[in-house]
């Protein structure tokens, strides 16, 4: 198992900080969490794996020994912070087949044959190999004078805020139609993208291609899905309570579920939609009186990956304890609110991200949830 992460950087740099520092730090932290060294281990393959997991790998040509040492000194505190999330470590270790991650660095000036040999050597060791993470810098290092001869060049931050320039096309839509898009001329692209986006929206309205409900563990009775999946006939019937983030309420669900259907009217996507979410989150308190130990909850939004994740996070923080159980007051008792802080919110978010690796709540969405819970 391997992956390649591609990034670019501003003119004059040979590698972005994300590839030279951030990702290597995360790899080291995850490895130390999943494969901790232990004095009780003998010089066996498990000991070798743990020793390798403890290493911090950074590009020697970019990160000085002094900076490397300073980063390494902070790793234990990062591991401690990650441990507070109480992740299911055995499950994560099993997914990696007992092998740590290892970064390898590639730039336009790299000798690919040498890199390939190094990767092969590190991944084929008997029982002690690693999963390679190839960190590839796509931008070449050039001076201002060299760049002036080019018609176009790298503009830092140009790919940010995709909703402003992608015409509604998302990553999944791009890869499903990449051949057609790459064949199209620049003048044809707006029309081609418009057609692809319209077709995907039509599929969503028909219930096709929607993100099916994904259960969030350890809650067990809380799931997240796209609006299209919930609108599909019968899907909403699997749940006792449905919370939907959409511009217009779903009449079929509203009629069938009545008070058990909560519509949060959010008409926009992107940052504006996330800001609207903050004003709608207080409505979740309406669900408190409807919750029962056996209640099954479904949260939906257009993609099933952003706003719905934010709402699910708010629900988990409001109505679930540290073990993922619904907090149901005894008859006659007043329902008490959870004691919340940033650490608790991070822990609950980790539950969602581990259960839904494809979840992608925006920073604006998470900020809205934090403001609601801590405000």
Legend entry - the stretch 241-301: Rg to Rh, with Rh as the Kirkwood radius over Cα pairs: 0.98
Legend entry - Packing-based ranking, highest mean first, of 70-77, 359-366, 239-246, 301-308 given that Cβ atoms within 10 Å are counted: 301-308, 239-246, 359-366, 70-77
Legend entry - Cα gyration tensor, the stretch 237-374 - rounded (a/c under 1.5), prolate or oblate: oblate
Inset, instruction - Provide the FRET efficiency to the nearest 0.05 for the residue 114-residue 92 pair, computing r from the beta carbons and using R0 = 22 Å. - result: 0.10
Legend entry - Packing-based order for 340-348, 270-278, using average beta carbon neighbours within 10 Å, highest first: 270-278, 340-348
Legend entry - Sorted by Cβ neighbour density within 10 Å, fewest at the top, the residues 257, 1, 15: 1, 257, 15
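Where a number appears in this text, it was derived from the coordinates with a stated rule and is not lab data. Everything numeric in this text was worked out from a predicted model, so none of it was measured. A quick note on method: Cβ atoms are made from the backbone with ideal geometry, for glycine too, and the neighbour counts reach across all protein chains shown.
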